Amino acid sequence: MTSICLLNGNSFKLWRNFMDLTLSIIKPDAVKRSLIGSINSLIEKNNMKIVGQKMLKLSIEDAQNFYSVHKDRAFFDDLCNYMTSGPIVVQVLQGKSVVTKYRELMGSTNPENAEENTIRKLYGVSVEENSVHGSDSKENAKIEIDFFFSKREIF
C-alpha cells in the first residue's frame, strides 16, 4: 500500500492507493509477430495501468526457475524451451481486482476455447503459443513480480 500526503493550502489530504498489482508476460510468439502495442492497447482499454515494463530474453535457468511449479509436468521442458526462444515483455499491471480482470482479458489457455475479444482468442496460435501469461493469484503476482522487477522499476 502506498500513501502520499499532499499539503494544499490549509487542507491536508491523505491519499491511499488500494490498487492491486499483477504480472503480465507478452510471450515470444506475440513479440515476434509485433503484437506488443495491440496487447497493451487492450490492457489499457480495460482500465489497467502498465506501471513497469521491460523486454528481455530468459535464460533456460531463468525459465526453469520461474516455471518451477510445473517441473514435474510433461510440458515443462517444452515450456522452458519456448519461453527462451525469443524476447519477452514483462509488465506490472495495476488496477482494481487486476489479477482477476487480467485473467479474464487473457482468455482460456487454449485460444480455440477462449471467449471472443480476449487476447488469446485474438492473437493466440496454440495452447503453447498463446501470446500472454498472467499471475493466477495475488500471492503469485507478488512472487512473479519480484522475480522480474525491483521496487524502483515499478511506478
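Odds and ends about this structure:
- Rg(Cα) / (2.2 N^0.38 Å) computed for the chain, rounded to two decimals: 1.13
- Residues Ser34, Ser59, ranked from the fewest to the most other C-beta atoms within 10 Å, line up as Ser34, Ser59.
- Taken over the alpha carbons of segment 76-152 as equal point scatterers, the Debye sum produces base-10 log I(q)/I(0) values at 0.15, 0.16, 0.23 Å⁻¹ of -0.58, -0.66, -1.21.
- Extension gain from Glu128 to Arg33, taking 0.36 nm per residue of separation minus the Cα-Cα distance: 32.7 nm
- Over the chain, DSSP H runs of length four or greater, each weighted -39,500 (n - 2.57), average out per residue to a 222 nm ellipticity of -9500 deg cm²/dmol.
- When you filter the chymotrypsin sites (Phe, Trp or Tyr not before Pro) in segment 20-90 for DSSP loop state and at most 16 other Cβ atoms inside 10 Å of their Cβ, you are left with Phe75.
- Placing unit charges on each Cβ (+1 for Lys and Arg, -1 for Asp and Glu) gives segment 19-153 a dipole about its Cα centre, and among Val31, Gly52, Ser85 the Cα reaching farthest toward its positive end belongs to Gly52.
- Loop-located trypsin sites (Lys or Arg not before Pro) across segment 22-55 with a Cβ neighbour count of 14 or fewer within 10 Å are Arg33, with loop assigned by DSSP.
- With a simple spin-label model that places each label point 7 Å from the Cα along the Cα-to-Cβ direction, the separation between Arg73 and Ser97 comes to 2.5 nm.
We did not get these values from a lab; they are worked out from the coordinates using the rules stated. The shown structure was predicted, so the numbers you read here are calculated from the model rather than taken from an experiment. Glycine also receives a Cβ, built like all others from the backbone with ideal geometry; neighbour counts cover every protein chain displayed.
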